[in-house]
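Structure record follows, encoded as structure tokens.
The values are calculated or read from the model by the stated rules, or taken from the named source; none is laboratory data. Just so it is clear, the structure is predicted and the values come from calculations on it, not from any experiment. Here Cβ is always computed from backbone atoms with ideal geometry, including for glycine, and neighbour counts include all displayed protein chains.
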């Protein structure tokens, strides 16, 4: 959406801002709203939901900027509507990377379908002199984060003045705080702040709903720590952080959701592959409200040698993941089974492609970290392909890149690996069926599960087991899975068979016998060219599972299109074990919830 992380100006941001100190006067010039006539906006107000909460002491609004979701904007504006004189600070992302300043402001007035919305010329001049904004007019001509919102402001706040800010991504927290301090010095608590922002982008409905679980949890809880909003997938992380800094300064940290939807739902188009999410709400005087939800995105087997390595060399390190970059954003944990060791050893598979000794280039790890991966399992039958020294080097390299690792092929250190998000503790335990004896001792694994459970964690077991290419599961897999659950496991996410296997619900816990491949070069069959990604939204009371089927073509993974996706969900529902009709229906829709 035109956002540049880490944007650098030829001189420092502060120097650039201080150069824009020429006297600013009110201009008899205008910018224009996105539409010049009222019917579209009148319709938005007519369709705005009325069964919304009534909130007092509002200091900030969070609104989307798609007129498709105009009714949600209208419902949110109504929460604070007034005909009293008021200044509105309107914050928008810089969608088109326009202008030169990190924060751009306008001294023009606005023509809207409901009349002229004046600017606050004195405030513009003061902020420019303070060196925290750049006065530039051209960027406002196309910035729909502003032009689409000013008519709503004029209709709901007919006697308002507006101070519009276009914010470039990548500002440091220090510069964000400088801007907030200058705004507060200018307006104190006399202004209403509106943050114009859209959330999950370019993903199917199910994936958008999963991303929104993280976003809502962060928005509700991050008032005292605005920097955490960078963890959310949106098109305005910097603008939202500035907005939350201001709310924190005002003591307005209580978030109330007014409306929530996405473009697939609003258009009743479940086949839509690239949606946008809308989370509209208000911030009022009060403390943040806890929303203890942790999200985990879990993948199956990832192999980065052999033909995958050849394609990485030809097309770049991000090539295998290029179609999943959006899915990988905005979760607390992103975990996969690393089917090999990260070592400096030369690959032996590039020429001898039938050789099954895998080593991954450690230079890949910063890219994997940047993509969003936080944790890798090393409990598999290839992690010792270059010996114990290779495994140790791999674990050290993974950790040095800022990624966690758990498990080993001999089950000597299966975990638990703990992580906590917004008060929810999650533990990961690994198990490998193959590298040790024919009947490996699982005592250490069961002990790790019990330890994690005693610590109050939601326990996820990552086993490497089963028979390759078997699209069912074996009796030994099932017996082992039941032992894991009996010991305290809450979810079992299997790997190794290279194909997707059925789901079982046992004692109210979910067992995914095999997630199949994630990144692999086994394009010789349909089953090995598919995989399943599982999203978990974990609260103290429930866990919701989101199912994301994958296609793997030329070692590159992509979300499966709608029709085959629904077919695969239906197959999982029909082959699932020990589920009732209602649960099968939910599995067939790609989302199901269980009590913890």
Residue in region 49-59 that is farthest from residue 245 (Cα to Cα), counting only those that are in contact with a strand residue (DSSP E or B) (Cβ under 8 Å, 6 or more places away or on another chain) and not in a strand (DSSP E or B): 49
Options 181, 175, 97, 126; residue that is within 28 Å of residue 67 (Cβ to Cβ), surrounded by fewer than 22 Cβ atoms within 10 Å (Cβ to Cβ) and modelled with pLDDT of 95 or more: 97
Of all residues in region 369-385 being within 22 Å of residue 412 (Cα to Cα) and in contact with a helix residue (DSSP H, G or I) (Cβ under 8 Å, 6 or more places away or on another chain), the one that is surrounded by the most Cβ atoms within 10 Å (Cβ to Cβ): 383
Some residue of region 289-303 being free of Cβ contacts under 8 Å to residues at least 60 places away in the same chain and farther than 17 Å from residue 408 by Cα: no
Matching residues, region 175-203, being part of a helix (DSSP H, G or I) and touching a strand residue (DSSP E or B) at 6+ places or on another chain (Cβ under 8 Å): 179, 183, 187
Condition check for residue 28: over 25 Å from residue 235 (Cα atoms) and part of a helix (DSSP H, G or I): no
Residues that are in contact with a strand residue (DSSP E or B) (Cβ under 6 Å, 6 or more places away or on another chain) and not in a helix (DSSP H, G or I), drawn from region 204-238: 235, 236
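From the list 322, 313, 338, exactly one residue is in contact with a strand residue (DSSP E or B) (Cβ under 6 Å, 6 or more places away or on another chain) and either closer than 15 Å to residue 521 by Cα or touching a residue at least 60 places away in the same chain (Cβ under 8 Å) (or both). Which is it? Before you say what the answer is, go through the steps one by one.
Details: 322 fails: in contact with a strand residue (DSSP E or B) (Cβ under 6 Å, 6 or more places away or on another chain); 313 fails: in contact with a strand residue (DSSP E or B) (Cβ under 6 Å, 6 or more places away or on another chain).
Residue meeting the stated conditions: 338.
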Flag for residue 140 being modelled with pLDDT of 95 or more and part of a loop (DSSP other than H, G, I, E, B): no
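Might you let me know whether region 344-359 holds any residue that is under 24 Å from residue 461 (Cα atoms) and in a helix (DSSP H, G or I)?
Initial filter on region 344-359 (under 24 Å from residue 461 (Cα atoms)): 358.
Imposing the further condition that a residue be in a helix (DSSP H, G or I) reduces the set to none.
Checked region 344-359: no residue is under 24 Å from residue 461 (Cα atoms) and in a helix (DSSP H, G or I).
Go through region 241-263 and give me each residue that's under 24 Å from residue 297 (Cα atoms) and in a helix (DSSP H, G or I).
Across region 241-263, the qualifying residue is only 263.
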Matching residues, region 412-441, being at pLDDT below 95 and surrounded by 20 or more Cβ atoms within 10 Å (Cβ to Cβ): 421, 433
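Which residues, counting only those in region 512-530, are free of Cβ contacts under 8 Å to residues at least 40 places away in the same chain and part of a helix (DSSP H, G or I)? I'd like the intermediate steps shown before the answer.
Initial filter on region 512-530 (free of Cβ contacts under 8 Å to residues at least 40 places away in the same chain): 512, 522-524, 526, 529-530.
The answer is 529, and nothing else.
Right, residue 218: buried (at least 18 other Cβ atoms within 10 Å of the Cβ) and over 25 Å from the mean Cα position of the chain (by Cα) or not?
Details: buried (at least 18 other Cβ atoms within 10 Å of the Cβ): yes; over 25 Å from the mean Cα position of the chain (by Cα): no.
No, not satisfied.
So is residue 329 crowded, with 20+ Cβ neighbours inside 10 Å and not in a helix (DSSP H, G or I) or not?
In short, yes.
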Checklist (1) surrounded by fewer than 19 Cβ atoms within 10 Å (Cβ to Cβ); (2) assigned to a helix (DSSP H, G or I) applied to residue 158, failing item: (2)
In region 245-256, the residues that are crowded, with 17+ Cβ neighbours inside 10 Å and more than 18 Å from residue 91 (Cβ to Cβ): 254, 256
Index of the failed condition, residue 366 passing every other in (1) in contact with a helix residue (DSSP H, G or I) (Cβ under 8 Å, 6 or more places away or on another chain); (2) surrounded by fewer than 19 Cβ atoms within 10 Å (Cβ to Cβ): (1)
Filter result (closer than 23 Å to residue 303 by Cβ and in a strand (DSSP E or B)) within region 467-508: 492, 493, 495, 500
